[in-house]
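Written out below as structure tokens is the structure these notes cover.
The values are calculated or read from the model by the stated rules, or taken from the named source; none is laboratory data. Bear in mind that the values here come from a model prediction, so they are computed numbers and not experimental data. These accessible areas exclude ligands, DNA and RNA; they are computed on the full protein's heavy atoms, side chains included. Shrake-Rupley method; radii C 1.70, N 1.55, O 1.52, S 1.80 Å.
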Amino acid sequence: MNFLIPANSKKSMMIFGLFYPFDLILFGSGIGITLLLMMLLPIGDTIMAFIAIAPAVITGFLVFPVPNYHNVLTVIIGVWNFFTTRQRFVWKGWSVTNEQEEQK
């Protein structure tokens with residue numbers, strides 16, 4: 001039994017078809033930090049204004065939907081998990097011999 005999965009099937013699991021919940025949490029925290037800094041810092045000075053809006057701008061660029069963003073994010077998360085957790089990662093590739101063994 002072979003199934004064809006449409007290319008946009010994962011897109012329906014995202015918020016607005018673009019963002020994962022983590023993306024919105026990250027951007028929301030950047031906005032929150034920016035609002036806090038705008039209340040605490042004197043933003044009359046240009047440098048302080050840039051420092052105050054920096055968290056929102058940085059997190060905005062991190063979650064901005066660019067092509068292949070989620071593919072790169074998945075690779076980064078996989079590399080991070082590989083080097084920071086004690087897990088056993090088993091890799092099994094696809095080959096003709098595997099398909100012949102399964103058909104027997």
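How about segment 27-54: which of its residues are hydroxyl-bearing (Ser, Thr, Tyr) and open to solvent by 50 Å² or more (accessible area, probe 1.4 Å)?
Matches in segment 27-54: Ser29, Thr46.
Quick one: Lys92 ticks every box in (1) over 23 Å from the mean Cα position of the chain (by Cα); (2) modelled with pLDDT of 85 or more except a single one, so which number is it?
Lys92 satisfies all of (1) over 23 Å from the mean Cα position of the chain (by Cα); (2) modelled with pLDDT of 85 or more except (2).
How many of the residues in segment 55-88 are within 21 Å of the chain's Cα centre (by Cα) and modelled with pLDDT under 75? Reasoning before the result, please.
Filtering segment 55-88 down to residues within 21 Å of the chain's Cα centre (by Cα) leaves 55-85.
Next cut, modelled with pLDDT under 75 only: 65-73.
Number of matching residues: 9.
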